[in-house]
């Protein structure tokens, strides 16, 4: 039986990781695919060979200590939850958080998109800085 499994939190090289996948490797150990959890490695997805690591510490979820959010109106928790929602990719056809983009929304900004969506054949093209003509 494996000491680590997908979903487990482990400490490898003094950083905390979430195990995503464990595969057998040709050296008799395991290839562990992880996602970074601790601040220094968040957003990274490395793979570790268990035979090459000095120690892989599996964190026991029963020993997790919950702490209360002491921020005003639970702002820290709300910010964390919002960040997690933004990191997940929606898998339906709806627009998510589009109206809450980092801009001051003015109604005329939506007019071209609404007009294009009303056409029988929608053709919307985003223009990046590289595609814009130099004037």
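See the values below:
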{"read-out": "First in region 2-27 and surrounded by fewer than 13 Cβ atoms within 10 Å (Cβ to Cβ), second anywhere and assigned to a loop (DSSP other than H, G, I, E, B), Cβ under 8 Å, 6 or more apart", "value": "3/56; 13/53; 21/6; 27/51"}
{"read-out": "Test result for residue 36, in contact (Cβ under 8 Å) with a residue 12 or more places away in the chain and loosely packed, with under 11 Cβ neighbours inside 10 Å", "value": "no"}
{"read-out": "Those residues of region 55-79 which are at pLDDT below 90, in a loop (DSSP other than H, G, I, E, B) and closer than 17 Å to residue 19 by Cβ, in sequence order", "value": "64"}
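Condition check ((1) in a strand (DSSP E or B); (2) within 23 Å of the chain's Cα centre (by Cα)) across all residues:
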residue	(1), (2)
3	no, no
6	no, yes
10	yes, yes
28	no, no
32	yes, yes
53	no, no
81	no, yes
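The values are calculated or read from the model by the stated rules, or taken from the named source; none is laboratory data. None of the values given here were measured: they were computed from a predicted structure. Heads up, the Cβs are rebuilt from the backbone with ideal geometry, glycines too, and the neighbour counts pull from every protein chain shown.
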